[in-house]
Structures are given as C-alpha cells and as structure tokens.
Amino acid sequence: MSDDSRPSPTGVRTAVVIPAAGRGVRLGPGAPKALRTLNGTPMLIHAVRAMAASRAVSLVIVVAPSDGAAEVKSLLDAHALPERTDILVVPGGDTRQESVRLGLDALPPEYGIVLVHDAARPLVPVDTVDAVIEAVLEGAPAVVPALPLADTVKEVEPAGASGPEPVLATPDRSRLRAVQTPQGFDRATLIRAHETVTDNVTDDASMVEQLGLQVVAVPGHEEAFKVTRPLDLVLAEAVLARRRLTDGF
Ligand code: C5P
C-alpha cells in the first residue's frame, strides 16, 4: 500500500474492478476492445487513469483476457499512472460476470467499497466516480450512475435481422434511465450477489436487485458513454481533443 492512498474520512477503503477481458467484436476485427487506442493510448489505460483520478481509490484490479494477463501487465507498466494507486492484474473468464467474480476473488480484505467499471467507458469524469463512492459511503448497498434517455424506447417482438418487428409497448420515458459505470457497492453485498445470482446479466447492480436490495441511481455523465461501435471511437477522440483544449492536457 502506498503512503498516499486515501481511506475515506470513515476509514473505508475503495477498490475498483475493471473487467477488460472482452473481445469487442462489435468494433470489428483487430485488438481486443480494451487494447484499442484512443489518441495513441489504449482504452484500458484511459479507464485506469479515470479511476485512479479519484483520491478515494487506492487499488485498481484489472481483469485481463485469460491468455493476455502478461501483455496487460507490461502495458500498464509502460504507462504513467498515479503512484498512490496500487494495480493488480488477474486473468478473466468467458463472461463479463465471471471476469468480475475473478476480480473480486483477488480483492484484499481491507477494502469495504468496490466499484466495477467497464474498460469500454474510458472517459468517465472523476466527479462521477466520486459521486458513486459518496453514495455508497452514505449507506446505499449499490449505486449506479444513470442518465435520462433522449430517445423514446419501444418494446418489440424481436424478429432478427429479417423483417419489421411488431411493437408491444412504449414505456414512459420519464421513468427510464440509461445506466453507466462505475457502479459502486458495499463489498459484502457485491460478493453475496456474485455467489447467489447465476443468471446471465449485463450489469452488476441487477444482481443486487435480484437479492431484493435497494439500488440507487446518481447522475451519470455524457462523457461516460460506452465505446461499442466504430463511431464511438470518433466521439471519444473528439472528447479527448476538447479536454486538451480546455484543460491543457
Ligand atoms: O461486451 P461488453 O461491451 O458488454 O463488455 C463490457 C465489459 O466487460 C468490457 O470492458 C469487456 O472487456 C468486459 N468483459 C470481460 N470478460 C468477458 C466479456 C466482457 O471482462 N468475458
């Protein structure tokens, strides 16, 4: 543990698990998604820096592709990261859920708060990270950053790529939110969720919902978007260019 790592005023330490073991097929052929570069720097490095930017975070556990842990380790060694943050690399699994669980297995006992952050969201601002941690510190067992939707959402009967899909319902948009990461958890709650819930889910908070516990949403940020399709890479580089103009780096 580095001297400058910050337990919260209540003494609770925060660690982040970054599942980065996906192949990123939707971005097309090439490197695994987390290793794709934005302005010359791998997305994973951007994501680790975004987490380490919070002074509350003293450990980041990166979950690497199962055959790529050594490569990810040397990548992290080759880039400047804040001294106060410890970094661990562990091999991942076949699903995102399994990768997160393998990250949790490596979590030292002194961490009471765990964030789970997708490597595919490299540009989340530090204020969003801190808001999530703050809400967990205030007693929420699970916290998600979330944004209202711009588009109206329809529930359809999926018809595959082939034909028109019958619309079944139009949920009230004012009650819907698009959920981002980092999602924040009381450590014991997240570990119990991973031990209990076996359904395949797309986020960790929904596992806590299945335990019957209250998940709360705090404001997300438009720059916390997920880099999924080729156009998202263009947007991410534009965000970085704007930051360089306004922040000078
Ligand atoms: O595929 P998707 O975009 O939903 O992946 C979300 C995150 O989960 C990504 O950061 C990806 O690297 C990670 N993941 C993982 N292990 C897998 C599949 C995805 O760590 N087996």
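The values are calculated or read from the model by the stated rules, or taken from the named source; none is laboratory data. No experiment lies behind these values; they were computed from the predicted model shown. Positions of Cβ are generated from backbone atoms using ideal geometry, with glycine treated the same way; all protein chains shown enter the neighbour counts.
Here are some residues: VAL57, VAL62. Which one is at negative phi, within 15 Å of the ligand (Cβ to nearest atom) and crowded, with 17+ Cβ neighbours inside 10 Å?
Exactly one of VAL57, VAL62 is at negative phi, within 15 Å of the ligand (Cβ to nearest atom) and crowded, with 17+ Cβ neighbours inside 10 Å, namely VAL62.
Got a number for residues in segment 111-161 being hydrophobic (A, V, I, L, M, F, W, C), at pLDDT 95 or above, surrounded by fewer than 16 Cβ atoms within 10 Å (Cβ to Cβ) and part of a loop (DSSP other than H, G, I, E, B)?
Within segment 111-161, residues that are hydrophobic (A, V, I, L, M, F, W, C), at pLDDT 95 or above, surrounded by fewer than 16 Cβ atoms within 10 Å (Cβ to Cβ) and part of a loop (DSSP other than H, G, I, E, B) number 3.
With the requirement that a residue be of a type in the set (Gly, Ala, Ser) and within 16 Å of the ligand (Cβ to nearest atom), what does segment 82-138 give you?
Passing the criteria: GLY92, GLY93, SER99, GLY103, ALA106, ALA119, ALA120.
Any idea which residue in segment 225-249 is modelled with the highest pLDDT, counting only those that are closer than 16 Å to ALA34 by Cβ, in a helix (DSSP H, G or I) and among the hydrophobic types (A, V, I, L, M, F, W, C)?
Filtering segment 225-249 for residues that are closer than 16 Å to ALA34 by Cβ, in a helix (DSSP H, G or I) and among the hydrophobic types (A, V, I, L, M, F, W, C), the one modelled with the highest pLDDT comes out as ALA236.
Filter segment 210-246 down to residues that are among the β-branched types (Val, Ile, Thr) and under 10 Å from LEU123 (Cβ atoms) and give me whichever is farthest from the ligand (Cβ to nearest atom).
VAL239
Counting only residues that are under 11 Å from VAL90 (Cβ atoms) and of a type in the set (S, T, N, Q), how many does segment 58-76 have?
Residues flagged as under 11 Å from VAL90 (Cβ atoms) and of a type in the set (S, T, N, Q) within segment 58-76 amount to 1.
Taking the condition modelled with pLDDT under 95 and hydroxyl-bearing (Ser, Thr, Tyr), does THR170 pass?
Working: modelled with pLDDT under 95: no; hydroxyl-bearing (Ser, Thr, Tyr): yes.
It is false that THR170 is modelled with pLDDT under 95 and hydroxyl-bearing (Ser, Thr, Tyr).
Within segment 197-211, is there a residue that is of a type outside the set (D, E, K, R) and assigned to a strand (DSSP E or B)?
From segment 197-211, those of a type outside the set (D, E, K, R) are 197-198, 200-202, 205-208, 210-211; that's our starting set.
Filter again for assigned to a strand (DSSP E or B), leaving none.
Checking segment 197-211: not a single residue is of a type outside the set (D, E, K, R) and assigned to a strand (DSSP E or B).
Report whether or not MET43 is in contact with a Ser or Thr (Cβ under 9 Å, 6 or more places away or on another chain) and within 15 Å of LEU240 (Cβ to Cβ).
yes
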